[in-house]
Amino acid sequence: MICPICHKKEATKIVTRKFSGAHVSGQVCDDCLNVALNLDKEGFFYTFISQPDKACRNCGRKLSEIENTLLVGCKMCYREFGLELKPMINRLQGINTDEN
Ligand SMILES: [Zn+2]
Ligand SMILES: [Zn+2]
């Protein structure tokens, strides 16, 4: 998956924090590992790092599936996952975008 903090690099590091007695973990990239470890805002961590898998409201394809396969389910996926897909769009195959 793509790092939820910078949206640029592949999230390869697992980071686990303890908030209010509960462990929360998520994945971030190398560069953002220190950022994630030093976040003092619980809300930020929950929102950006441990957010549940997003799914396209049109075809139901999950973001994690797109990230794994580099294939979108439908054209709506581009709208649903615009931010997340941006770094991957060059690698995506199968559907042409009409963007410009
Ligand atoms: Zn990052
Ligand atoms: Zn879709």
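Things worth noting here:
- Here the Karplus curve 6.51 cos²θ - 1.76 cosθ + 1.60, taken at θ = phi - 60°, turns the phi angles of segment 55-64 into couplings of 10, 5, 6, 8, 10, x, 5, 8, 4, 5 Hz, with x standing for Gly and Pro.
- Cross-link partners of Lys18 among lysines (Cα-Cα below 25 Å; sequence separation of 8 or more within a chain): Lys9, Lys41, Lys54
Quick note: the coordinates plus some simple rules give every number you see, no bench work behind them. As the structure is a computational prediction, the values presented were derived from the model and not from experiment.
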